[in-house]
Amino acid sequence: MSLDLTFLGTGSAYPSPHRGASALVLRSEGECWLFDCGEGTQTQLMRSPLKASRITKIFISHLHGDHLFGLPGLLCTVSLNSSPTQPPSCVDIYGPQGLRRFLRVSLELSASQLLFPFAVHELEPTADQCPPEGLLNPLVTQSSEWLHPQERPGTTIQMDTQSDLYVLFEEKQFTVKAFRLYHRIPSFGFCVQEQERPGRLNAQLLNELGLKPGPQYGLLKAGQAVTLANGRIVRPCDVLDPPVPGRKVCIFGDCASLVGEGGIKACQGADVLVHEATLADEHRERALEHGHSTPSTAAGVALACKTHRLVLYHFSQRYKPLGLQKEGDEDDVLELKRQAEDALRGTDIEVIVSEDFLTLPIPIKKLQ
Ligand SMILES: [Zn+2]
Ligand SMILES: [Zn+2]
């Protein structure tokens, strides 16, 4: 099954002509999951090979505008372009408390009707995810009993105190969990774990046992034992290669650090870890003051998680994309890459600097 990650916006604070505001898409078998939706995400989508109508789930890391302001508009455009006979099934939207009210009020006040249903599932943050002034007044976040006409009731997801994680859902293909981050307002990261798949049938072993291709192959592959004509019982573990481990993609929202152990535990061995690096290491104090990270911070997280690839994104708009830099420009995005690489020297963690429209394939893991 193909799996890839496309960056639609890699800039922080606001969209500019050279870097969109935060948004990226994880695509598997044509289905698209959108992570963050800064202003202008819909035009970035139109400029990419991805189809907005394929978006089935949306994850919002935190409620800052550069991650959120594009959401009502995107939903309206998906609705406008969807076929009235085949509208998208329910779009599930996950994000911090307050997201439901934001979306409901935006759609209602603009008299926006959608051709498809949606549900907002809210994560309940903890008080230690931001300075006291970053916590929203419950009067602002609470939503009434009243629903937008296309809205389906959503859930409130609390942290599981044992694992320090929020379990968003577990499906046939993927399990998605969220973990806490420290920012100026409560922020979350998301861990997408593909389920392990059974190994392939070992043709040589099957042959030795005298098993011919047929329905018994299907039963073994489905995890059931079969009985041979001679009475011998063959169990799946006798003839299946080791299971293929699932891939893991972790996407961090804005943060200066992690809160609790959940993030490091959930992201262990990630194939790809996407982490913000808003400013270079020499601006670390300013980054911290604004609840952000530098390349060394991101590298430290990648190291603690033993990730394979670290992708940096959410760059201050002062860092122009490669190819757009002019002579004499002081701020060089490659310097951010070098700083992360320096911090990871001696490891085999690959550092990638994202650009708008970069697509990163995530290959299937090799058999163990
Ligand atoms: Zn941001
Ligand atoms: Zn932010």
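Observations on the structure shown:
- Any chance residue 163 is among the polar types (S, T, N, Q) and surrounded by 19 or more Cβ atoms within 10 Å (Cβ to Cβ): no
- Residue within the range 326-339 that is closer than 18 Å to residue 254 by Cα and within 16 Å of ligand 2 (Cβ to nearest atom) present: no
- Criterion violated by residue 360 - all others in (1) more than 19 Å from the chain's Cα centre (by Cα); (2) outside any loop (DSSP other than H, G, I, E, B) satisfied: (1)
- When residues in the range 9-51 are screened for being hydrophobic (A, V, I, L, M, F, W, C), away from ligand 1 (no atom under 14 Å from the Cβ) and in contact with a strand residue (DSSP E or B) (Cβ under 8 Å, 6 or more places away or on another chain), 7 of them pass.
- Residues in the range 157-167 that are without any contact (Cβ under 8 Å) to a residue 40 or more places away in the chain, in a strand (DSSP E or B) and over 15 Å from the mean Cα position of the chain (by Cα): 1 in all.
- Residue check for residue 314: touching a residue at least 12 places away in the same chain (Cβ under 8 Å), assigned by TED's automatic domain parsing to the domain that holds residue 179 and closer than 30 Å to residue 201 by Cβ: no
- Scan of the range 267-292 for residues that are under 15 Å from residue 341 (Cα atoms) and small (Gly, Ala, Ser), ordered by number: 277, 280
- Pairs, first touching a residue at least 60 places away in the same chain (Cβ under 8 Å) in the range 183-205, second within 16 Å of ligand 2 (Cβ to nearest atom) and part of a helix (DSSP H, G or I), C-beta under 6 Å, six or more apart: 184/134; 185/134; 186/129
- The single condition from (1) within 15 Å of ligand 1 (Cβ to nearest atom); (2) under 20 Å from the mean Cα position of the chain (by Cα) that residue 287 fails is (2).
- Every condition in (1) closer than 30 Å to residue 228 by Cβ; (2) without any contact (Cβ under 8 Å) to a residue 40 or more places away in the chain; (3) under 24 Å from the mean Cα position of the chain (by Cα) holds for residue 170 except the one numbered (1).
- Among the strands (runs of 3 or more DSSP E) confined to the range 1-59, the ones with at least 2 residues that are touching a helix residue (DSSP H, G or I) at 6+ places or on another chain (Cβ under 9 Å), surrounded by fewer than 21 Cβ atoms within 10 Å (Cβ to Cβ) and touching a residue at least 12 places away in the same chain (Cβ under 8 Å) are located at 31-35.
- Positions within the range 161-184 being closer than 21 Å to residue 98 by Cβ and more than 16 Å from ligand 1 (Cβ to nearest atom), in sequence order: 165, 166, 167, 168, 169, 176, 177, 178, 179, 180
- Sole exception among (1) in contact with a Leu (Cβ under 6 Å, 6 or more places away or on another chain); (2) part of a strand (DSSP E or B) for residue 87, by number: (2)
- When residue 75 is tested against (1) free of Cβ contacts under 8 Å to residues at least 40 places away in the same chain; (2) crowded, with 24+ Cβ neighbours inside 10 Å; (3) among the hydrophobic types (A, V, I, L, M, F, W, C); (4) more than 16 Å from ligand 2 (Cβ to nearest atom), just one condition goes unmet, and that condition is (1).
- Check on residue 141, without any contact (Cβ under 8 Å) to a residue 24 or more places away in the chain, out of contact with any Ser or Thr (no Cβ under 9 Å at 6 or more places or on another chain), of a type in the set (Ser, Thr, Tyr) and away from ligand 2 (no atom under 16 Å from the Cβ): no
The values are calculated or read from the model by the stated rules, or taken from the named source; none is laboratory data. Note that the coordinates shown come from a computational prediction; the quantities given were computed from them, not determined experimentally. A quick note on method: Cβ atoms are made from the backbone with ideal geometry, for glycine too, and the neighbour counts reach across all protein chains shown.
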